[in-house]
Amino acid sequence: MQPTDIKDPEYFHKVVDCQYACPAHTPVPEYIRLISQEKYTEAYMINWESNVFPGVLGRTCDRPCEPACRRGRIEEEPVAICRLKRVAADNKGEVKPFMPQGPFSFNGKKIALVGGGPASLTVARDLAPLGYEIHLFDEQFKGGGFMRSQIPSFRLPESVLDEEVNYILDLGIHTHFNHFVHSLEELLSQDYDAVFVGTGAPKGRDLPDLPGRNEGAKNIHIGINWLANVAFEHTTNIGKKVIVLGGGNTAMDCCRTSRRLGGESVKVVVRSPYSEMKASPWEKEDAMHEDIPIVDNHVPIEFVVKDGVLKGMNFEKVTPIIENGKRKLVPTGEPLVFIEADDVLIAIGQENSFPWIERNIGVTFDKWDMPEVDTLTHASSHPKVFFGGDAAWGPKNVITAVAHGHQAAISIDLACRNLPLTQRPSPFVNLVSQKMGLHEWAYESNVVNDVRYTVAQADKKVTLSNRKTEVELGFTKHEGCKEAERCLNCDVQTVFVEDKCIECDACVDICPTTCITFIDNAEEDELRQLLNMPALNTSQDLYVSAPLKTKRVMVKDEDVCLHCGLCAERCPTSAWDMHKFLYKVTKAG
Amino acid sequence: MTFIKPKFRHPDLPKNKLGYTLSYYEGALSTLCAGCGHDSISAAIIQSAFEMNIEPHKLAKLSGIGCSSKTPTYFLGNSHGFNSVHGRMPSVATGANMANKDLIYLGVSGDGDTASIGMGQFVHVIRRNLKMIYIVMNNGCYGLTKGQDSATADNGSISKAGIVNQFQAIDLCGLAIELGATFVAQSFSGDKKQLIPLIKAAMAHNGFAFINVISPCVTFNNNKGSTKSYDFVRGHLEATGTFDFVPEMEEITTTYESGEKHAIKLHDGSLLQFNKLDSDWDPLDRFSAMKAVHQAREKNEIITGLLYLNQGAMDLHELVNTCDRPLNTLKKEDLCPGNGALASINAGLR
């Protein structure tokens, strides 16, 4: 194998599994370390800079970081990264002084943002301090988009959302609430230099062809619309017996909200097997904790309506089989299963919808009626129109929308300065030694053995009786510190310098997880098999040195390295050293 | 600050026949200097014990005084141990072995502990062919007292302070062969590929197994001009062969060709396979072994690998005809045959 080029920032970035997995690439270990030092304000600001909504995400994030966490590969459970973010948000001090301070001198450019969700708000935050005049349009009466209408208050208190939306609006954003944009053409005819479309995926999927759909329409609701109606208090109750169709996180929000609006017997019914449901495992657990059974392998067949009143639904039982490597659901042949219901909520997915974008103004749509958007620049075929968030490539999540917002802001800024959109700024990277003495490091190198701490929940009696009472209580400061200490500091990198190495094997002998091997070089596939412990997780890189004096090379399997620093501590020549790696995605401007 | 080794190990760590992973054979975190060759030897011992499926309670590690003699703390933490007086490890090993021959005795010593203060004990334990493994971690200096030349420092070797050693070195392997040691090997701490099969073969040997391991002192004897530095040793290694230890039960897959590959069946049925690099040398012939040692010295080379093996000699228990069972298992009835037996002995003397 060729020697690893550690000067390429992406090599060490990939070693920081959580940060690499995060769409916004938030420097996770950096802020977790600050939490363990009780520096909550600083931890919050690192988050705010990168993901804009730490308080919101600390409660509702889809957590792509956690399945990636190295801790999950060496013991059972990853670090509770998401809930630690909330610890920073809950305990922070005054943060406004650390944010950009307006008023900003106007640079002469006007930007329109359509939709007031996380993607648009991120664009606003990145561009406002640069002097852009930002106009934000949203049909709701407040900013926040789906964070406000779709995420129930028992998961995300309104005050938390308001606070973080307002940090952005306070940067001098011109808001146009209760304003539905009906025509992109009209918007473009005004003097905007760019338009950002962050309108999400607002159309909930229906089951229009299912028998009884029209007859029972009064008691059959589209999940996301129903949630919005609850959030804006147009809907305040539901029948005692409720069926929620669907296996995603919206279905989980629907069933749990139903329980709070009078639903006593609420059931989630899903076509696929339980293990294949799209909902996050913790959301499924929370639903079941609120006495909501999840009935899997049941395909909806018809709504049963008698005398104009919805009575329930018939389902066909299926079983999954694998055919030609594809999973298929095959009917079991058992009689249809009838489940009683006063109301049915359909939460089987959502789609994009752009009725307000004229198809003849230069924004090209593909055969699925989705806009053609460049994955790097977020530019559409119209030079002034950019897309981001769910509006760009369909429903994802808040953190992805934020990541889109940052990239779109860069593109809009480049476009307004007449620079090519492909001229993306390099990431900010810093690599600095942590050595302080013979056995002293500037980071807490000791690896703690604690298992994951669980977040306490409020009493079910209380939370089920009030839709706005937050269920999760969050970590206490003490629990937060303890959980933070579980972090392995994957951003503190093992850096190897060939010409200092005397090949004494001290690092090989001490490494607790047998990551290091000195070996004759070979091709990667072969080398992976020949290491002291075969490196079978091919998603993790091998760190290969240039040839040493004995013509062998040092090969380190990054997979289960604990970043404990023992290799560097036992190295007599400092050929190994621990360097803290900071990687920040560069923002617009 | 890290004086604690994390408890996490590689999740796919293999298990040996006893169901233990390598970590079960580890000891405490080493407090030797970073980069000390002794730590590599400790790691080789851990690996050997793991691969030999040794039940940790069936092994006793014994040592004297010195950097080398501290190492038993750093390996086989679940085994018996005795850290004895300077140079007196062989006596303690002899006593323990006489009392209980069911255990494996692993003695660890240094060049000072063996070639200076312990020389008298060393030569006598060889004479007696005590069944044990005797490893010398040989760095040619007194590392624990700031690196003065030891008795194994080569004539002409330059110390860290720049002083040239005027005295002749004691060649421990040559001495051991001369005195009739039945298993003599030499190796280098930086060459685990060779060292591990040698330790395993030593564990299988029925008699006194001596391994002299050159182990650079990274703090006091790794300088230019030293003949025990990593660079010098690597540059002057001359292996007698490449070795592979095959336990009795394992199927032998190696094919023999062109007379270069050899295999010696050891006492317990296992095989020591080797690929001879030096055609003049025959490990079963004491004269050729002696000659190889002298030739290497002449050529300023460090000869490594198995040097000499004699499986015909009786070990101490056989020589003095001790009883088969460990002393602590003997009951009063075993030790005191009773009046009848005494009377018959007395009668025989009348």
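Odds and ends about this structure:
Results for (1) in contact with a Cys (Cβ under 8 Å, 6 or more places away or on another chain); (2) in contact (Cβ under 8 Å) with a residue 60 or more places away in the chain; (3) assigned to a loop (DSSP other than H, G, I, E, B), shown as yes or no for each residue.
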residue	(1), (2), (3)
B:306	no, yes, no
B:311	no, yes, yes
B:314	no, yes, yes
B:322	no, yes, yes
B:325	no, no, yes
B:328	no, yes, no
B:344	no, no, no
B:348	no, no, no
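- Test: residue in the range A:205-228 that is in contact with a helix residue (DSSP H, G or I) (Cβ under 9 Å, 6 or more places away or on another chain), more than 28 Å from residue A:302 (Cβ to Cβ) and surrounded by 16 or more Cβ atoms within 10 Å (Cβ to Cβ): no
- Filtered by the rule that a residue be facing chain A (nearest Cβ under 9 Å) and aliphatic (A, V, I, L, M), the range B:214-233 gives a lone residue, B:218.
- When residues in the range B:143-181 are screened for being in a loop (DSSP other than H, G, I, E, B) and surrounded by fewer than 24 Cβ atoms within 10 Å (Cβ to Cβ), 21 of them pass.
- For the range A:558-567, a residue qualifies if it is farther than 16 Å from residue A:16 by Cβ and more than 9 Å from every other protein chain (Cβ to nearest Cβ), and exactly one does: A:567.
- Complete set of residues in the range A:71-82 that are under 19 Å from residue A:34 (Cβ atoms) and within 11 Å of another protein chain (Cβ to nearest Cβ): A:71
- Here the range A:519-529 is the region considered, the condition is being exposed (fewer than 14 other Cβ atoms within 10 Å of the Cβ) and within 14 Å of chain B (Cβ to nearest Cβ), and the residue that is nearest to residue A:497 (Cα to Cα) is A:520.
- The lone exception for residue A:488 - which of (1) over 30 Å from residue A:455 (Cα atoms); (2) modelled with pLDDT of 95 or more; (3) within 11 Å of chain B (Cβ to nearest Cβ); (4) buried (at least 23 other Cβ atoms within 10 Å of the Cβ) it fails: (1)
- Listed by first and then second residue, the pairs with beta-carbon distance under 6 Å, at least 6 apart or on different chains, first residue in the range A:193-207 and over 21 Å from residue A:144 (Cα atoms), second of a type in the set (Val, Ile, Thr) and part of a loop (DSSP other than H, G, I, E, B), are A:205/A:348.
- Checked against the criterion of being within 14 Å of chain B (Cβ to nearest Cβ) and either out of contact with any strand residue (DSSP E or B) (no Cβ under 6 Å at 6 or more places or on another chain) or without any contact (Cβ under 8 Å) to a residue 60 or more places away in the chain (or both), the candidates A:376, A:438 yield just one match: A:438.
- For the range A:425-435, the criterion of being out of contact with any strand residue (DSSP E or B) (no Cβ under 6 Å at 6 or more places or on another chain), under 18 Å from residue A:20 (Cα atoms) and crowded, with 20+ Cβ neighbours inside 10 Å is met by none of the residues.
- Taking the range A:383-403 as the range and being within 23 Å of residue A:418 (Cβ to Cβ) and either among the acidic types (Asp, Glu) or in contact (Cβ under 8 Å) with a residue 40 or more places away in the chain (or both) as the test, the residues that pass are A:384, A:385, A:386, A:387, A:388.
- Scanning the range B:7-48 for residues that are under 30 Å from residue A:442 (Cα atoms), without any contact (Cβ under 8 Å) to a residue 12 or more places away in the chain and surrounded by fewer than 20 Cβ atoms within 10 Å (Cβ to Cβ) turns up B:7, B:8, B:11.
- Strands (runs of 3 or more DSSP E) enclosed by the range A:165-236 - at least 2 residues per element that are outside the structural domain of residue A:126 (by TED's automatic domain parsing): A:220-222
- Test for residue A:586: is it more than 9 Å from chain B (Cβ to nearest Cβ), of a type in the set (S, T, N, Q) and under 30 Å from residue A:80 (Cβ atoms): yes
Okay, residues lined up against (1) over 23 Å from the mean Cα position of the chain (by Cα); (2) more than 18 Å from residue A:181 (Cβ to Cβ); (3) buried (at least 17 other Cβ atoms within 10 Å of the Cβ):
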residue	(1), (2), (3)
A:353	no, no, no
A:361	yes, no, no
A:385	yes, no, yes
A:389	no, no, yes
A:409	no, yes, yes
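- Of all residues assigned to the range A:185-198, none qualifies as being of a type outside the set (S, T, N, Q), within 25 Å of the chain's Cα centre (by Cα) and surrounded by fewer than 19 Cβ atoms within 10 Å (Cβ to Cβ).
Quick grid of which residues meet (1) surrounded by fewer than 17 Cβ atoms within 10 Å (Cβ to Cβ); (2) in contact with a strand residue (DSSP E or B) (Cβ under 7 Å, 6 or more places away or on another chain):
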| site | (1), (2) |
| --- | --- |
| A:93 | yes, no |
| A:111 | no, yes |
| A:118 | no, no |
| A:129 | no, no |
| A:137 | no, yes |
| A:148 | no, no |
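The values are calculated or read from the model by the stated rules, or taken from the named source; none is laboratory data. Every value quoted in this text rests on a predicted model; they were computed, and no experiment measured them. Methodologically, a virtual Cβ is constructed for each residue, glycine included, from the backbone with ideal geometry; neighbour enumeration extends over all protein chains shown.
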